[in-house]
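Have a look at the structure below, then the notes.
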Amino acid sequence: MADVEFRKVRKAWGAVVAVDDLDLAIEAGEFVSLLGPSGCGKTTTLRMLAGLDFPSAGEILIGGRRVNDLPPAQRDIAMVFQSYALYPHMTVAENIAYPLKKRGVPRGERGPRVAKVAEMLQLGPLLDRRPRQLSGGQQQRVALGRALVRDPRVFLLDEPLSNLDAKLRGHMRAELVELHRRLGRTMVYVTHDQLEAMTMSDRIAILEGGRLQQFAPPQAVYAAPANRFVAGFIGTPSMNLIDGELAAGPAGPEFRAPGLALAVGPLAAGTQPGPACLGLRPEHLSFGTGPLAGTVQLVEETGHEAIIAVTLGEGGPRLVGRSPAGLALRVGGQVRLALNGPAAHLFAPGPTGRRLNAPSPSGAVAAAAAGDQP
Amino acid sequence: MAAPRQTALERQYSLLGLMLIAPTVLVFCAVIVYPLVSAIYLSLFSVFTPTLQGGWVGLENYRSLLGSGEFWVSLRNNLVWTAGTLALQVLFGVGMALVLHQNLWFRSLARSLILFPYFVSTVVAVLVWKWVFNDLYGILNHVMMAAGIIDWPVDYLGTMPNAMISIILVGAWKYFPFVVIAVLARLQTIPEPLYEAARIDGAGPVARFFDITLPQLREVLVVIVLLRAIWDFKEFDLIYLMTGGGPVIATQTLPLLVYKEAFALNRMGMAAAYAVVMMAIMLVFMVLYIRRTRERRP
Ligand SMILES: Nc1ncnc2c1ncn2[C@@H]1O[C@H](COP(=O)(O)OP(=O)(O)O)[C@@H](O)[C@H]1O
Ligand SMILES: [Mg+2]
């Protein structure tokens, strides 16, 4: 049974629809990220789950119980806010003890529980300080501690790392994963940073314009994006997306665009020839030899590899690829290149055009990854 | 101690600094230090107000002041008036600010209306209230008798404790908008996530007020109480116009006593002595108050 479930949930503020027709079932103990660009409805989704905003339609269930009409305190959830929302006039210890105090936990029992959480998060020496005497990372820990102390069923985290510097963020990422492993609780994590979502989650829910685009494990999201939006959103550098035509070639389906004709892998049943979009990850371009010729636009050496941008033929599409370091390339010069046709993704036209590839072989990766789930 | 030698640039900067604060220092001396020193100086003389002639009496003014019953009665009145009107101002002010902070459709209108008593000149306000309180023609007695609450007209300004209660209420009415505006400004800067976190942590509306709103208002309330206490303690026109200090001297506060000494009894030196003592009392209270509020903060 799903631990957290959204059923046909919709949220509108007047004419602005923040979340629409959301169906999402999160298993117990799962770490799920809500990922998407700014304004896509991630925070709204989380706040509806917390009980801070109310759905205009649909149902929300926690542990099988409908919570639409339950106040936040009775939903058995804890939330970490992006701004941490620590009580400024209370010490760290008082902040962490506050949820216990408001739930009538006796004073004698509060102390040991605060101490246990403080030890887990290495907050011991800070217990008598006030939030403004702490660094950003320490405040973050206190906010986590206040959520942990009650041992709730579901943890909600709204971009908890976005106010930290890059190094600390990496560190806290690892710590959150470790914490999740140790607690085994359901966590719903909002982020606009795909690196966080990819590295921490069991499954990622990708949202755009208030609609769920794909809900799948990180590997599946990367290997078999459900539509063109997901394909372009996940991965750095992002996938090359080329608009063109799908046609029947001599040896199976072929994708054609100015300066480009590529035999592509098996397509989903019922796919018709016509306008389509080709998606090719940068690692599926190889430079040096190949049937195609391109003009080098840009070379970015990162040390162990180079990111290379080329245009195909005269005014053809611009492609970005990665290649091992050491290839001597000159901006403006010519380079031979090959595209890995079987690895290409195909999408129906339009900004969220659906995936047209047959479910295998890349689908097998998704299935294998999904099989790992509890 | 060997001070490190200043460079030419540093000397130039400090000279500029001196020049920039010089006007402030001069104005400060002219408008604060000079009147203060001359008041203290004046309080050591016996001066006849119309001619401003008189002789040195030393501390004699202070001795007779502390020995007179009128001083102690006025001081007590002054404290009752200040504490009473200040408490009501803060109570009404915070309450009204909380109401206006809610999303009421008439909020902007209410916000401007609330300032009305503060803007009305004291003379006008007092005239209106004296009519309201008038024992023969006043609307208050009329309404109360029509409603059957009282059988006979009540004398609101001519008897005690009615007179003190009346001026305290009018003072609260006149000055609570100041509290409303200051508290409302602070309320709007309290971050919303604090309330949301508290809701998730299980705090009800009352707990949220005491655990979040009130601690956040603390600093602004300290400033409000400090300022309003000073202003209420030296309030003159409202009390003078409402009761003139009466009945007899039952609502006479120290500022009214200073005025009486200077212009009714023509004893300018004595009036100055009262004024100096008044200042000393306020100073003591302020120092104590600031100390206590400092201590409670970490
Ligand atoms: N209180 C609100 N009133 C009106 N519109 C809102 C409100 N909160 C959010 N929105 C709108 O809903 C959409 C989704 O917002 P949000 O969930 O905060 O996005 P995200 O967290 O993904 O950046 C945005 O277009 C935003 O402008
Ligand atoms: Mg957000």
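Brief remarks follow.
- Rounded if a/c under 1.5, otherwise prolate or oblate - region A:209-305, Cα gyration tensor axes: oblate
- Solvent-accessible area of residue B:176, all protein chains in place: 30 Å² (probe radius 1.4 Å, heavy atoms, ligands and nucleic acids excluded).
- Computed E for residue B:248/residue B:39 - FRET, C-beta separation, R0 25 angstrom, nearest 0.05: 0.35
- Eligible lysines near residue B:234 by straight Cα distance, threshold 27 Å, same-chain separation 8 or greater: B:130, B:174, B:260
- Only protein heavy atoms count here; on that basis, with a 1.4 Å probe, residue A:199 has an accessible area of about 70 Å².
- Diffusion coefficient of the protein assembly as shown by Stokes-Einstein, Kirkwood radius over Cα pairs, 10 °C, 1.306 mPa s: 49 µm²/s.
- Whole-Å semi-axes of region A:2-226's equivalent ellipsoid (Cα gyration tensor): 29, 20, 16
- Prolate/oblate/rounded label for region A:229-368 (Cα gyration tensor, a/c 1.5): prolate
- Calculated translational diffusion coefficient of region B:73-137 (25 °C, 0.890 mPa s; Stokes-Einstein with Kirkwood radius over alpha-carbon pairs) equals 169 µm²/s.
- Averaged over peptide A:70-81, the number of partner chain Cβ atoms lying within 10 Å of each residue's Cβ comes to 3.
- Of B:107, B:11, B:63, the one that fluctuates the most in a GNM where chain B has Cα springs shorter than 10 Å: B:11
- Our analysis of region B:14-56 gives Rg over Rh at 1.30, with the two radii drawn from alpha carbon positions and Rh computed by the Kirkwood formula.
- When only Cα pairs below 8 angstrom with a gap of at least 6 residues are kept, region B:69-296 shows a relative contact order of 29 percent.
- Amide N of region A:281-301 lying under 14 Å from the label point, which is placed 7 angstrom from the Cα of residue A:325 along Cα→Cβ: A:300-301
- Viscosity 1.002 mPa s, temperature 20 °C, Stokes-Einstein D of region B:95-205 from Kirkwood C-alpha radius, µm²/s: 126 µm²/s
- Cα centroid of region A:167-245 to Cα centroid of region A:116-158, whole Å: 25 Å
- Total formal charge among the other residues, if their Cβ is under 10 angstrom from that of residue A:189, Lys/Arg +1 and Asp/Glu -1: -2
- Between region B:169-228 and region B:1-65, the Cα center-to-center distance that results, in Å: 39 Å
- Residues residue B:189 and residue B:70, FRET efficiency given R0 of 60 Å [Cβ-Cβ distance, rounded to 0.05]: 0.80
- Dividing the convex hull volume of the alpha carbon atoms of chain B by its residue count gives 260 Å³ per residue.
- Computed over the alpha-carbon pairs of region B:157-251, the distance histogram in 5 Å steps reads 2, 11, 17, 15, 12, 11, 10, 8, 6, 4, 2, 0 percent, short to long.
- Relative contact order (percent, whole number), chain A, Cα cutoff 8 Å, 6+ residue spacing: 15 percent
- Size descriptor, Kirkwood hydrodynamic radius, that averages inverse alpha-carbon separations across region A:95-219, Å: 15.9 Å
- Net charge in the neighbourhood of residue A:299 (other residues with Cβ under 13 Å of its Cβ; Lys, Arg +1, Asp, Glu -1) is -1.
- Cross-link partners of residue A:116 among aspartates and glutamates (Cα-Cα below 19 Å; sequence separation of 8 or more within a chain): A:94, A:128, A:151, A:175, A:178, B:201
- Annotation: residue A:329 carries an accessible surface of approximately 50 Å², with a 1.4 Å probe and no ligand, DNA or RNA atoms counted.
- For chain A, built as a Gaussian network whose Cα springs stay under 10 Å, the top-fluctuating residue of A:152, A:125, A:72: A:125
- The gain in end-to-end length when the residue B:5 to residue B:150 segment is fully stretched comes to 44.0 nm, 0.36 nm per residue minus the alpha carbon separation.
- Within the shell defined by Cβ-Cβ distances under 14 Å, the residues around residue B:208 carry a net charge of -1, with Lys and Arg each +1 and Asp and Glu each -1.
- Choice from B:122, B:51, B:24 with maximal GNM fluctuation in chain B (Cα, 10 Å cutoff): B:24
The values are calculated or read from the model by the stated rules, or taken from the named source; none is laboratory data. What you see is a predicted model; the values in this text were computed from it and never measured. Positions of Cβ are backbone-derived with ideal geometry, glycine not excepted, and every protein chain shown enters the neighbour counts. Just the protein is used for accessible areas: all its heavy atoms, side chains included, with ligands, DNA and RNA removed. Shrake-Rupley method; radii C 1.70, N 1.55, O 1.52, S 1.80 Å.
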